[in-house]
Amino acid sequence: MIDWVARHGGHGVQFSEVHLSDGQALDAELLHDIGAAARERGLYLEWGGGEHVPFDTSTWSTKDLLPGNRRAAEQASSLGARVVRSCSGGFFRWYDAAPPTEKLLQSMADTLRPQRHMFEGLGVTLAVELHFEFTTFELLRLFDMCDAEPGGWLGVCLDTFNVLPLLEDPVAATLRILPWVMATHVKDGGLVLDRTGLVSFPVAAGSGLVDLRAILKLLAELDRPVNLSVEDHGGSFTTRLDDESFLQRFPDLTVSELGRLVTTAQLGRELMDAGELAVTERGRWPELCEGRTRMGLRNVQELVASVAAETQQRG
């Protein structure tokens, strides 16, 4: 992966997990080799393996997160990475079996607060990905419950697409959570209305309806550098608007923000009917992965250069 990114003009890699060959172990030697390979090519590294939901989400029995988070943080520290991405599943409020969101937030806060000194001691941030689990409103409440401060041991991996199924406008969501952004998944997407609600789906970065230019301008206002890690995949997600009880699970949703999403979805339908937007079936993703990731990487780099030039002209 490191070689692939270097060959195609990327500046770093965010690993969500490492798939090992038979006989390999994620030991000190392999970590050393990964770190050395990145340094030789001048690439940043961000690590994965973190968790923030203290439950086995298949059974909702409690789960001890400390051993796994300590291991991931120690691995990141040994690599010189300052971020551990945390991803614990998603779509909880889509299922009646999941605990209420407020209970999840309280359990997370009770679990994560005692881990603060461990992360601070290793110089690593646990970056909770916006991953179909919690809205930016809810994560802000979590950070307050954890007595955390922006730029410290707890933050966000901003996925610019994943907020759509949770009924958040990507630019508005970025503005709300901006001080807490420590890592990113720069991901673009389409949005359309069907008979039941809003259907969102990823497309190559820079070719969809997410206003990445506006988001990059916001990220540029931060007083620390944030890496832009391109992500893409197949599939689609439906958020029902015809079920009042389901919509009540989004207590922070405003009419104005929902209105912006509906307007975007109307444009999405026009583009889809014109053949300019389409859902990628998950089964086709392996054959499209490399080409679309290269396209997204190139598009994001062009956007960054354009935003930088515009900022320089103004200032």
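Taken together, the values in this text are just the output of simple stated rules run on the coordinates, not laboratory data. Note that the structure is a prediction, hence the values are computed from the model and not measured. Positions of Cβ are backbone-derived with ideal geometry, glycine not excepted, and every protein chain shown enters the neighbour counts.
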(request) Please compute the net charge surrounding residue 106, taking Lys and Arg as +1 and Asp and Glu as -1 over other residues with Cβ under 15 Å from its Cβ. (result) -3
(message) Looking at the chain only, what percent of DSSP beta bridges run antiparallel? Nearest 5 please.
(response) 40
(message) Relative contact order of the chain, please, whole-number percent, based on alpha carbon pairs below 8 angstrom and at least 6 residues apart.
(response) 13
(request) Evaluate the distance, in nm, between pseudo-label points positioned 7 Å from the Cα of residue 41 and of residue 61 along their respective Cα→Cβ axes. (result) 4.1
(message) With the alpha-carbon atoms as the only input, what is the per residue convex hull volume for region 186-226 in Å³?
(response) 76
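Need the full-extension length gain, residue 193 to residue 274, defined as separation in residues times 0.36 nm minus the C-alpha distance. One decimal, nm.
27.6 nm
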(request) Whole number please: convex hull volume per residue, Cα atoms of region 173-257, in Å³. (result) 117
(request) Evaluate E = 1/(1 + (r/R0)^6) for residue 242 and residue 287, where r is the Cβ-Cβ distance and R0 equals 41 Å; express this FRET efficiency to the nearest 0.05. (result) 0.70
(request) Sort out for me the Cα centre separation of region 160-221 from region 280-315, rounded to whole Å. (result) 14
(message) Taking 20 °C and 1.002 mPa s as the conditions, I'd like the Stokes-Einstein D for region 162-315 in µm²/s, using the Kirkwood hydrodynamic radius from alpha carbon pairs.
(response) 130
(request) Report, in deg cm²/dmol and to the nearest 500, the calculated mean residue ellipticity at 222 nm for the chain, where each DSSP H run with n ≥ 4 adds -39500 (n - 2.57) and the sum is divided by the residue count. (result) -13000 deg cm²/dmol
(message) Among (1) -0.34, -0.77, -1.23; (2) -0.46, -0.89, -1.16; (3) -0.36, -0.85, -1.36, only one was calculated for this model; which label is it, if the read-out is log10 I(q)/I(0) by the Debye sum over Cα atoms at q = 0.08, 0.12, 0.15 Å⁻¹?
(response) (3)
(request) Pull up the cross-link candidates among the lysines for residue 63, meaning alpha carbon to alpha carbon under 22 Å and not fewer than 8 places away within one chain. (result) 103
(request) Enumerate the aspartates and glutamates that residue 187 could reach by cross-link, defined here as Cα to Cα under 12 Å, with residues fewer than 8 away along the same chain left out. (result) 159, 211, 231, 232
(message) So for region 67-169, considering every pair of alpha-carbon atoms, how many percent are separated by more than 15 Å?
(response) 63
